[in-house]
There are 4 protein chains.
Amino acid sequence: MKQPVTLQKLQKYVAKRDNKKNKKMDYFMKFIEEVGELSEMIKKDKRLDPEDERAKAIKNTLDEEIADVLYYLVVLANINDVDLEDVFIRKMDYKEK
Amino acid sequence: MKQPVTLQKLQKYVAKRDNKKNKKMDYFMKFIEEVGELSEMIKKDKRLDPEDERAKAIKNTLDEEIADVLYYLVVLANINDVDLEDVFIRKMDYKEK
Amino acid sequence: MKQPVTLQKLQKYVAKRDNKKNKKMDYFMKFIEEVGELSEMIKKDKRLDPEDERAKAIKNTLDEEIADVLYYLVVLANINDVDLEDVFIRKMDYKEK
Amino acid sequence: MKQPVTLQKLQKYVAKRDNKKNKKMDYFMKFIEEVGELSEMIKKDKRLDPEDERAKAIKNTLDEEIADVLYYLVVLANINDVDLEDVFIRKMDYKEK
């Protein structure tokens, strides 16, 4: 994936990989599993080591878990036909009124 | 906020609103609270009504809860110095090797 | 329900109220919803007011949310045929070896 | 631990092992981590194998994860001075009125 990553690009990217309407509950449970792993990593506060090699360093870090939670949140948005950009803009405009 | 919404724009936008390093745990608990509300809305499957007025319609819908979870996930990324775009690209490249 | 409350009594009590095998996912989502509310209450640290009347006081408190999470955890144990007493004793004995 | 396991016995048992008031947030995060693992096990539906040896069989099963979530829920009850038996009886009486 290339920069800049927009919410729309993110949704399309994820849709190509995980987008089975009949696996709705599996995706939700996977999402909760990733939230649990994020909790573990925040607790341990295990970060990416900038000295380490890029590809390996991300495994089992807070950074990786945030990416995983984001990934499955986008899956949930996709299978529920939620346009993240639209909904985010709308929500934020509403809050600021 | 204007289109297109990139992950970088999203992080900057959220950082202006919620970015207190000493409230790390409060943000995490707020995040879990929003995950719970998302669960409730997926269960009820309450969607945005396109016939309804835009600003009001989003309240108490699955769309709103996904936006809320995304918001607090971005807060968690910010206060933990995680660059969402960087980490997402890295993670995805790694998976595809 | 009368004292003392054993895990077995708790499982029987809950089974009479919520025990539909075909609602497995609904119960899980309800459980996550309650976990979210518990998170909210721990954050707010809103306790039971001993001065207040007993029945009313428990609403929207940390105490109530812990009871709710426990209730749905027991539902999950029941519909998955897990004997809480048996599994807890086994787990704890194993940890102490 | 011996049968019957009452909620009071459970709270005392857990209090001897994990009861540090200054680790409140760590316990909450551990609780969420265990909820994530429970989600994973419900998704996989990996049960206790009655043919397998008792002590080993429980590892990485739905049964174990339910016990773990229960354990940390009891920790949260303890450090927040919640009497599970009292609160459960009160809540259930209230619901049935």
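The values are calculated or read from the model by the stated rules, or taken from the named source; none is laboratory data. These numbers come from a predicted model, not from an experiment. Heads up, the Cβs are rebuilt from the backbone with ideal geometry, glycines too, and the neighbour counts pull from every protein chain shown. When the accessible area is computed, the model is the full protein with side chains, heavy atoms only, and any ligands, DNA or RNA have been set aside. Shrake-Rupley method; radii C 1.70, N 1.55, O 1.52, S 1.80 Å.
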Accessible surface of B:Val35 in the full protein assembly, 1.4 angstrom probe, to the nearest 10 Å²? 0 Å²
Which chain D residue puts its Cβ closest to the axis that rotates D onto A, and at what distance in whole Å? D:Gly36, 1
iface D-C | buried accessible area, total | probe 1.4 Å | Å², round 100 | 5200 Å²
Using a 10 Å cut-off on Cβ to Cβ distances, tally the other chain neighbours for every residue of C:1-14 and report the average as a whole number. 5
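Across peptide B:22-31, what mean number of C-beta atoms from other chains lies inside 10 Å of a residue's C-beta?
Mean inter-chain Cβ contacts per residue within 10 Å come to 5.
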With each label point set 7 Å from Cα along the Cα-Cβ vector, what nm distance links A:Lys24 and C:Asp93? 4.3 nm
Considering only the label points, 7 Å along Cα→Cβ from Cα, what distances in nm to one decimal separate C:Gln3 from the same position in each other copy, shortest first? 2.5, 6.3, 6.4
Too long for a 32 Å Cα-Cα cut-off, among C:Lys21/D:Lys24; A:Lys91/C:Lys20; A:Lys9/D:Lys43, are C:Lys21/D:Lys24; A:Lys91/C:Lys20
